[in-house]
Amino acid sequence: MDFFIYKDSRNEWRWYLKASNGRKIADSGEGYITKQSCLNGIDLVKSARNASVYELS
């Protein structure tokens, strides 16, 4: 899996995560003003592997 960053049409930074099969499996869902903020968002996702999973009914 790989993360990709880019600037959108509003000149904001965004990221998406691409699986090994080439499909996008996640994205930032919001634009970031600075590149560093975008990279920080990626770091949050990377650290979420320890997050709990809850089933909603």
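Could you give me the residue pairs with C-beta distances under 9 Å whose first residue belongs to region 6-23 and is more than 12 Å from residue 38 (Cβ to Cβ), whose second residue is surrounded by 15 or more Cβ atoms within 10 Å (Cβ to Cβ) and of a type outside the set (A, V, I, L, M) wherever it lies, and which are 6+ apart or on separate chains?
10/31; 11/31; 17/3; 18/3
In region 5-35, which residue that is of a type in the set (A, V, I, L, M, F, W, C) and closer than 18 Å to residue 48 by Cα is most open to solvent (accessible area, probe 1.4 Å)? Don't jump to the end; show me each part of the working.
As a first pass, look at region 5-35 and keep what is of a type in the set (A, V, I, L, M, F, W, C): 5, 13, 15, 17, 19, 25-26, 33.
Remaining after also requiring closer than 18 Å to residue 48 by Cα: 15, 17, 19, 25-26.
Numbers: 15: 13, 17: 21, 19: 23, 25: 95, 26: 36 Å².
My answer is 25.
The values are calculated or read from the model by the stated rules, or taken from the named source; none is laboratory data. What you see is a predicted model; the values in this text were computed from it and never measured. Note that we place each Cβ from the backbone using ideal geometry, even for glycine, and neighbour counts take in every protein chain shown. What goes into the accessible areas is simple: the full protein's heavy atoms, side chains included, and nothing from ligands, DNA or RNA. Shrake-Rupley method; radii C 1.70, N 1.55, O 1.52, S 1.80 Å.
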